[in-house]
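A short worksheet on the structure shown next.
The values are calculated or read from the model by the stated rules, or taken from the named source; none is laboratory data. This is a predicted model, so every value here is computed, not measured. Here the Cβ positions follow ideal geometry from the backbone for every residue, glycine too, while neighbour counts run over all protein chains shown. Just the protein is used for accessible areas: all its heavy atoms, side chains included, with ligands, DNA and RNA removed. Shrake-Rupley method; radii C 1.70, N 1.55, O 1.52, S 1.80 Å.
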Amino acid sequence: MAERVWIEEISDHEGEEVTLYGWLYNRRSSGKLHFLQVRDGTGVIQCVVFQGDVPQEVFALAGGLSQESAVQVRGAVKKDKRSPIGYELSVSHVSLVNESPDYPIGPKEHGVAFLMDNRHLWLRSSRQHAILRIRHEVIRAVRDFFDDRGFTLLDAPVFTPNACEGTTTLFSTEYFNTRAYLTQSGQLYNEAGAMGFGKVYCFGPTFRAEKSKTRRHLTEFWMVEPEMAYCDLEQTMDLAEAFVTYVVQRVVDRRRRELETLERDPALLERVQRPFPRISYSEAIDILRGKGNETTWGEDFGGDEETVISAEFDRPVMIHRYPAQCKAFYMKNDPAHPELALCVDMLAPEGYGEIIGGGQREDDYQTLHGKIEAHQLSPETFQWYLDLRQYGSVPHAGFGMGIERAVAWICGLKHVRETIPFPRMMERLTP
Ligand code: 4AD
Ligand code: MG
């Protein structure tokens, strides 16, 4: 076999004869010329087949290739100013690896439901490559951020007996002679980790049986969650702000081309710099009232409220100290205002909604025991979690960021469904 060259590295091979291994993205012909757009996953390049340069049967083959036929193309790499990647291939040979008759996704516009049904093929398009490469960059940045700061990666289990984020969104499954839930969050295990390792993070898939069909909810999504011992609400907000700034600027630095493909203005991302505004829940209520929104004190915010609040700021905003009644059982109450929880939500700008939820955890045994009962959870199942308050309990805090929400915002996508290779939603289990 000839030396394999990837399209993204084509500039290293100017003037050489190379072989590309890929698929036909598009084709047009004019007289003695066929113009093949060939993709190999790393890029798309125009391959020019001139009748005079190839055997007759190769010219005929090139002129009959259909979209997504698997092909090997050999030719000389030439500089070409008009091409988007700056090079084209002057073809000496084309061979067909396998045909692709009637490929369902053509260059014309398709509806979202059709594209979602064909997600396994839709992944071949340039736009999906841009989104999923940005997702990859976000994940690399997430890991680098915590790894470089001495956090230990401690993976949390997927099967768990504990409801972390309320009992209404649990997926449950048979587990031998008992029942298990699919994890909603690794937080509770992270808290054990933080007491052992000081600062930890987990990163993995989490599950919620979300019955709402919104543009922000998946039933399976990836969450990164740091947790630190001897840490309070303010310190976890500092961390969240540094973290989001780092992740966004990494994408701006390294994925400019992909942002361009998505027509996402990098200037909107470049201004994501610390400090982020911090407002209390009560101040957020005042903003809402000022805009004619009648949310009553005590309710959690929905997507509409989040959009109104985030419109006031040019970068993410952190809202802290929600009423304890609308938040999870594990949150510590504010000693100065016991009706408030020491929690924080970070809202992305431009109406992309909540990307981070977190806060300081209840660290007193009796208080936590009471909260578990008040939320009608079973203290036996949470005994191991209560143990953490028996043996050297300390203030601790952390947060979770949903990768798909963050990627949707960074890419400027209104819906989270394209931010994960195979989205899972209430009405979507296939492909
Ligand atoms: O606010 P949430 O529910 O917080 C927790 O799970 C905490 N236990 C995290 C922690 O403190 N360690 O979820 C955190 C984030 C949300 O801000 C959002 O980005 C994402 O997870 N998220 C979802 N993303 C997609 N689809 C869903 N159904 C999501 N639910 C939450
Ligand atoms: Mg939340």
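Before moving on, here are some points about what is shown:
- Across the stretch 380-405, the number of residues qualifying as more than 16 Å from ligand 2 (Cβ to nearest atom) and under 30 Å from His217 (Cα atoms) comes to 4.
- Yes/no for Pro101 being closer than 30 Å to Asp53 by Cβ, in contact (Cβ under 8 Å) with a residue 40 or more places away in the chain and away from ligand 1 (no atom under 16 Å from the Cβ): no
- For the stretch 317-373, the set of residues classified as away from ligand 2 (no atom under 11 Å from the Cβ), under 22 Å from the mean Cα position of the chain (by Cα) and open to solvent by 40 Å² or more (accessible area, probe 1.4 Å) consists of Glu350 only.
- Only one of the numbered conditions (1) away from ligand 2 (no atom under 16 Å from the Cβ); (2) crowded, with 17+ Cβ neighbours inside 10 Å is not met by Thr183, and that is (1).
- So Ala141, is it touching a residue at least 60 places away in the same chain (Cβ under 8 Å), within 20 Å of Lys414 (Cβ to Cβ) and in contact with a helix residue (DSSP H, G or I) (Cβ under 6 Å, 6 or more places away or on another chain): no
- Criterion (open to solvent by 30 Å² or more (accessible area, probe 1.4 Å) and assigned by TED's automatic domain parsing to the domain that holds Ile319) met by exactly one of Leu239, Leu170, Leu259: Leu170
- Every pair of residues 6+ apart whose Cβ atoms lie under 9 Å, when the first sits in the stretch 261-277 and is under 18 Å from Met346 (Cα atoms) while the second is open to solvent by 40 Å² or more (accessible area, probe 1.4 Å) and of a type outside the set (D, E, K, R): Phe276/Phe313; Pro277/Phe313
- Residues in the stretch 225-248 that are free of Cβ contacts under 8 Å to residues at least 24 places away in the same chain and either of a type in the set (Lys, Arg) or closer than 20 Å to Ala348 by Cβ (or both): Asp238 only.
- Whichever residue in the stretch 331-365 is in contact with a His (Cβ under 9 Å, 6 or more places away or on another chain) and not in a strand (DSSP E or B) and, among such residues, is nearest to Pro395 (Cα to Cα): Asp363
- Pairs where the first residue, in the stretch 44-57, is in contact (Cβ under 8 Å) with a residue 12 or more places away in the chain and the second is open to solvent by 60 Å² or more (accessible area, probe 1.4 Å) and part of a strand (DSSP E or B), C-beta under 8 Å, 6+ apart: Val44/Tyr25; Val54/His93
- Yes/no for Thr307 being open to solvent by 30 Å² or more (accessible area, probe 1.4 Å), of a type outside the set (A, V, I, L, M, F, W, C) and part of a loop (DSSP other than H, G, I, E, B): no
- If you go through the stretch 397-415 and pick out every residue that is more than 8 Å from the chain's Cα centre (by Cα) and near ligand 1 (Cβ under 10 Å from one of its atoms), you end up with 6.
- Note on the stretch 27-42: residues that are assigned to a strand (DSSP E or B), in contact (Cβ under 8 Å) with a residue 12 or more places away in the chain and farther than 26 Å from Ile131 by Cα amount to 4.
- Within the stretch 232-251, not a single residue is modelled with pLDDT of 95 or more, within 16 Å of ligand 2 (Cβ to nearest atom), farther than 23 Å from Pro395 by Cα and basic (Lys, Arg).
- Qualifying residue in the stretch 342-360 (condition: touching a strand residue (DSSP E or B) at 6+ places or on another chain (Cβ under 9 Å), away from ligand 1 (no atom under 16 Å from the Cβ) and free of Cβ contacts under 8 Å to residues at least 60 places away in the same chain): no
- Scanning the stretch 406-431 for residues that are open to solvent by less than 50 Å² (accessible area, probe 1.4 Å) and either of a type in the set (Ser, Thr, Tyr) or within 16 Å of ligand 2 (Cβ to nearest atom) (or both) yields a total of 5.
- Restricting Ile105, Ile45, Ile85 to residues that are modelled with pLDDT of 95 or more and part of a loop (DSSP other than H, G, I, E, B) narrows the list to Ile105.
- Selected residue (criterion: nearest to the chain's Cα centre (by Cα)) from residues of the stretch 164-183 that are part of a loop (DSSP other than H, G, I, E, B) and either among the acidic types (Asp, Glu) or away from ligand 1 (no atom under 13 Å from the Cβ) (or both): Glu165
- Given (1) surrounded by 16 or more Cβ atoms within 10 Å (Cβ to Cβ); (2) in a helix (DSSP H, G or I); (3) touching a residue at least 24 places away in the same chain (Cβ under 8 Å), index of the condition Arg74 fails: (2)
- Qualifying residue in the stretch 197-206 (condition: more than 20 Å from Arg389 (Cβ to Cβ), within 16 Å of ligand 2 (Cβ to nearest atom) and at pLDDT below 95): no
- Residue in the stretch 93-111 that is acidic (Asp, Glu) and crowded, with 16+ Cβ neighbours inside 10 Å present: no
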